[in-house]
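Data first, discussion second: the structure below is written as structure tokens.
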Amino acid sequence: MRVYARNIYDNENEINYTFFPGDGRGLDDSDTDVFKRLMLRAGGNGNRIFRDVVAHDFMMNTNIGVMRARPAVHFINGVYWGMVNFRDRQDRYHIAFEYDIDPGNVIMIDSPHQITDVSQLEEGVPEDLDFFNDFFVFVTENHMSDDELFREAQAQMDMDSYIDYYIMFIYLANSDWGGRDNVGRKHFRFWRVRETSLKPYQDGKWRMLVWDFDNGFSDVDYDLLTDVLNPENEPSAMLLSLMENDGFRSRFINRLADLMNTHFLPDYALDVIDQRIQAVEHEVPFDMARWNRNPLFGLEHVRSFMRQRPDVQKAEMMEVFHSGYQPSNLADQSFPRTYPHQHHRHKKQHTGSVESGKLDRHLLSGRSRGDRSRSRAGYDV
């Protein structure tokens with residue numbers, strides 16, 4: 001379900017509210033308090049309400065755009081309808097408010113992994129596709145092992161953002177990424193500005209957004225790293241070309257190791273999951289009574305996955321990158337107990353204010369908490 005700001009509701013034509021306190025915008029970490037569009041999402045694949053949410057929590061404060069989340073209870077015509085999450089809607093207005101960019105200057109393409117056409121253009125005009133298609137041809141038809149050519153490519157794409165995009169799908173084992181024969185075919189977006197400037201994020205480089213991790217954490221032994229680097233995997237054409245460059249390859253390996261020591265560290269991951277559960281556990285019985293489902297379904301599997309995944313991924317790295325290169329921060333078998341440098345923002349979101357992390361019943365219903373037992377029979381409106 002989508003929530004739109006329209007001028008028929010008020011003159012501002014905006015929603016002025018801090019939906020995600022503590023999860024600052026990409027430009028300067030301040031809270032986003034202006035929105036044009038939002039999503040109300042219960043999760044895909046049945047009752048996986050929070051599986052995608054915690055995946056995006058793990059990806060916070062990296063070099064990719066994610067969909068922030070805040071739990072809420074919604075009512076339809078006064079009838080209790082269970083839990084959902086407010087989520088970012090990734091479009092030109094999202095980019096505009098996050099990075100102080102004119103929404104009319106945003107180009108966004110859905111999951112381009114080859115020469116693309118207007119069917120994948122989400123924001124912009126058809127001529128904007130030339131920016132991506134020319135870039136794709138340049139990378140895939142030149143030898144990126146040549147550092148001068150690689151620098152030209154780096155001037156057109158944020159390589160750190162591109163690397164983080166791949167690592168998230170690989171490590172979190174998102175099985176809905178296109179299938180074993182087409183890994184990297186969907187659930188990501190490229191974006192950039194059309195008219196460049198010296199302002200942050202307006203340099204004309206392509207950057208990444210990700211979405212839909214309902215099928216993340218699929219199997220702790222799922223070796224997506226091998227699949228992605230398979231020369232027969234058509235969507236990997238650009239990555240494989242970039243991997244020919246020694247600097248890019250080392251950067252990729254070390255970044256994966258860095259994230260395993262921070263965002264993917266089991267203690268940190270389990271803490272993030274616990275905070276999500278604590279924020280909604282008081283509402284779980286009511287949601288279960290309404291829909292005969294457990295809204296926290298699958299989170300125990302996620303816990304188990306995050307505990308076991310480091311050893312599995314480390315072994316895969318050593319096997320795939322068999323040239324003898326070993327990142328220094330994987331040399332020691334024990335991980336240092338470090339958290340992402342902005343871990344306090346997760347704390348603020350899910351515990352410290354927890355009015356921000358707990359359910360917002362009034363946001364949709366316009367009612368105080370009241371007696372929820374009545375809600376299952378329906379409220380008068």
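Readers should treat all values here as calculations from the given coordinates under stated rules, not as data from a laboratory. Bear in mind the structure is a predicted one, so any value in this text is a computation, not a measurement. Cβ sites come from the backbone with ideal geometry, for glycine too, and all protein chains shown count toward neighbours.
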Next item on the list: Please say if region 219-269 is rounded, prolate or oblate, where rounded means a/c under 1.5 for a ≥ b ≥ c the square roots of the C-alpha gyration tensor eigenvalues, and otherwise the choice is prolate for a/b larger than b/c and oblate otherwise?
Entry: oblate
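Sort region 52-105 into rounded, prolate or oblate with this rule: let a ≥ b ≥ c be the square roots of the eigenvalues of the Cα gyration tensor; rounded if a/c is under 1.5, and if a/c is not under 1.5, prolate when a/b is larger than b/c, oblate otherwise.
Because a/c hits 1.5 or more and a/b fails to exceed b/c, region 52-105 counts as oblate.
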Item checked: Order of Val53, Val137 - criterion: other Cβ atoms within 10 Å of each residue's Cβ, fewest first -> Val137, Val53
Checklist line | ³J(HN,Hα) computed for each position of region 114-122 - Karplus, 6.51 cos²θ - 1.76 cosθ + 1.60, integer Hz, glycine/proline x | finding: 7, 4, 10, 10, 5, 5, 9, 7, 9
Checklist line | Net +/- balance of residues flanking Val312 in space, Cβ distance below 9 Å, scoring K and R +1, D and E -1 | finding: -2
Notebook entry, point to check: For region 13-62, which trypsin sites (Lys or Arg not before Pro) are both in a DSSP coil and crowded by at most 14 other Cβ atoms within 10 Å?
Noted result: none
Next item on the list: Provide the net charge surrounding Asp146, with neighbours chosen by a C-beta distance below 10 Å and charges set as Lys +1, Arg +1, Asp -1, Glu -1.
Entry: -3
Check: What's the exposure ranking of Tyr222, Tyr9, going from fewest to most Cβ atoms within 10 Å?
Finding: Tyr9, Tyr222
Check: Looking at the square roots a ≥ b ≥ c of the eigenvalues of the Cα gyration tensor of region 115-182, which shape do they give, rounded for a/c under 1.5, prolate if a/b is larger than b/c, or oblate?
Finding: oblate
Check: In whole Hz, what ³J(HN,Hα) sequence does region 302-311 give by Karplus (6.51, -1.76, 1.60; θ = phi - 60°), x for Gly and Pro?
Finding: 5, 4, 4, 4, 5, 6, 8, 4, x, 5
Next item on the list: Quick one: which residues, 5 or more positions from Gly65 or on another chain, have an amide H under 5 Å from its amide H? H modelled 1.01 Å from N in the peptide plane, none for Pro or chain starts.
Entry: Met208, Leu209, Val210
Item checked: Residues with amide H under 5 Å from that of Asn215, placed H, sequence gap 5 or more -> Asp176
Margin query: Restricting to DSSP loop positions (anything but H, G, I, E, B) with no more than 13 other Cβ atoms inside 10 Å of their own Cβ, which chymotrypsin sites (Phe, Trp or Tyr not before Pro) remain in region 227-328?
Written below: Tyr325
